[in-house]
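Take a look at the structure set out below.
The values are calculated or read from the model by the stated rules, or taken from the named source; none is laboratory data. Since we're looking at a predicted model, the values are computed, not measured. In this analysis, Cβ positions are derived from the backbone assuming ideal geometry, glycine residues included, and neighbour counts consider all displayed protein chains. For accessibility, only protein heavy atoms count, side chains too; no ligands or nucleic acids. Shrake-Rupley method; radii C 1.70, N 1.55, O 1.52, S 1.80 Å.
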Number of protein chains: 2
Amino acid sequence: MNQTKRKVKEQFHLFLSNKGLKGTLQRSLILDAFLDLDRSTHIDELYLILRGKHPNIGHATVYRALRLFASAGIAREINLGDGLTRYGVAGGRRHDYLVCNDCGTVTEFENGSIERYQAEVARSMGFTVQSLKIELRGVCNRCMAQAGRHS
Amino acid sequence: MNQTKRKVKEQFHLFLSNKGLKGTLQRSLILDAFLDLDRSTHIDELYLILRGKHPNIGHATVYRALRLFASAGIAREINLGDGLTRYGVAGGRRHDYLVCNDCGTVTEFENGSIERYQAEVARSMGFTVQSLKIELRGVCNRCMAQAGRHS
DNA sequence: CATACAATGACATTCACTTTCAAGCAGACA
DNA sequence: TGTCTGCTTGAAAGTGAATGTCATTGTATG
């Protein structure tokens with residue numbers, strides 16, 4: 001277990017005791033799987049990974065755990081409008097997404113200058129900005145390379 | 001019936017005959033309601049308006065019609081990740097949204113310079129951009145004014 | 001320990017949306 | 001105009017993601 005992971009787990013335990021909630025085997029397993037994956041994912045992916053090792057883990061528990069991680073500031077909800085709620089590890093405040101239309105991978109990045117400019121445009125329309133999301137869809141370099149190989 | 005509306009309806013009839021599809025009373029009613037509304041909306045809003053005049057119109061028919069309008073290039077799907085699919089009239093290629101967290105209104109605008117810059121950033125990450133969506137959430141000036149009045 | 005009460009998991013439910021299917025209707029062609 | 005093909009419709013049933021229910025289990029704390 002690396003340093004970052006240990007720190008996150010500490011943070012989570014602190015959150016639990018502050019709220020009078022309890023640490024359980026399931027939550028620990030789900031948090032491990034989530035952190036080990038180290039990329040944004042949707043719940044069924046985690047669920048399948050976990051079922052491989054622990055067949056008795058429940059669907060609803062994974063949903064509940066991820067929502068809990070989000071409210072603890074460990075995970076960030078990502079909603080790309082495809083009907084699935086994804087979660088990413090909440091380091092920093094990235095809200096710019098590159099979504100590959102081929103493989104579905106979601107890459108996150110942050111670009112402060114665009115956001116500042118965009119927010120200013122909104123203000124000029126009399127709009128008070130609270131949050132911002134930029135979503136770029138296309139083809140990632142990996143899929144592009146594969147497509148090249150086929151032709 | 002104004003000029004723009006007539007033009008859109010012509011475009012739709014052309015689309016239908018090209019595809020071997022049929023013009024029906026329902027499709028005409030739904031298209032009228034959609035164009036008359038003149039702002040992005042979700043299906044239930046249209047459905048309720050239509051039910052007022054024509055009680056026999058079906059839920060599924062409205063869904064089907066809007067999908068049809070989208071594939072005819074008349075409507076544009078807007079997916080803001082709140083679980084509702086909205087539709088806007090497809091004039092131009094706007095894909096920047098101001099969503100009011102208070103009243104839920106969706107205002108669309110376009111900002112070419114941001115998009116060009118953003119696409120360039122993506123390319124530098126080896127990503128080929130196909131489409132772009134910018135979503136700003138906050139409070140619109142109307143709601144802001146009302147909030148001011150209360151305090 | 002013992003006890004209170006949070007958490008779990010199987011199941012049912014919700015919510016937006018889609019599909020099914022029998023009946024109806026549009027449009028082409030004679 | 002009549003007929004006939006097959007697209008459309010509407011009610012109801014079905015999907016699929018996510019959440020609620022509830023009896024049972026497990027955990028932290030006294």
Partners for A:LYS133 among lysines (Cα-Cα distance below 21 Å; same-chain residues under 8 apart left out) | B:LYS133
As straight-line cross-link partners of A:LYS9, the qualifying aspartates and glutamates (C-alpha separation under 13 Å, not fewer than 8 residues apart within one chain) are A:ASP32, A:ASP36
Considering only protein heavy atoms, what is the solvent-accessible area of B:ILE43 at a probe of 1.4 Å, reported in Å² to the nearest 10?
-> 10 Å²
Using a ≥ b ≥ c from the Cα gyration tensor of region A:1-81 (square roots of the eigenvalues), is it rounded, prolate or oblate, where a/c under 1.5 gives rounded and otherwise the larger of a/b and b/c decides, a/b for prolate?
-> rounded
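From the Cα gyration tensor of chain A, with a ≥ b ≥ c the square roots of its eigenvalues, which class applies: rounded if a/c is under 1.5, or else prolate if a/b is larger than b/c, or else oblate?
Working: a/c = 2.22, a/b = 1.27, b/c = 1.75.
Oblate shape, in that a/c is at least 1.5 and b/c is the bigger or equal ratio.
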Determine how large the accessible area of B:HIS95 is when every protein chain is in place; take a 1.4 Å probe and give Å² rounded to the nearest 10.
-> 40 Å²
Sum -39500 (n - 2.57) across every DSSP H segment of at least 4 residues in the protein assembly as shown, then divide by the residue count to get the 222 nm mean residue ellipticity, nearest 500.
-> -16000 deg cm²/dmol
Antiparallel DSSP bridges in chain B: what percent, to the nearest 5?
-> 70 percent
With every protein chain present, what accessible area does B:THR107 have (1.4 Å probe, heavy atoms only), rounded to the nearest 10 Å²?
-> 60 Å²
Any lysines whose Cα falls less than 24 Å from that of A:LYS5, other than same-chain ones fewer than 8 residues away, would be A:LYS19, A:LYS22, A:LYS53
In nm, spacing of pseudo-spin labels at B:ARG6 and B:SER124 (7 Å Cα→C-beta vector) = 5.1 nm
Diffing region A:118-131: the Karplus 3J(HN,Hα) column from phi (6.51, -1.76, 1.60, θ = phi - 60°), in whole Hz with x for Gly and Pro, holds 4, 5, 5, 4, 5, 4, 5, 9, x, 10, 9, 7, 10, 8
Report the residues of region A:97-111 in range of a label on B:TYR117: point 7 Å along Cα→C-beta, backbone N strictly under 19 Å from it.
-> A:97-98, A:109-111
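What whole-number value in Å² describes the accessible area per residue of region A:3-89 for a 1.4 Å probe?
Details: 4990 Å² over 87 residues.
Per-residue value: 57 Å².
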Which residue, A:LEU50, A:LEU66, A:LEU16, has the most motion in a Gaussian network model of chain A that connects Cα atoms within less than 10 Å?
-> A:LEU16
Extension gain from A:LYS53 to A:ALA147, taking 0.36 nm per residue of separation minus the Cα-Cα distance = 30.3 nm
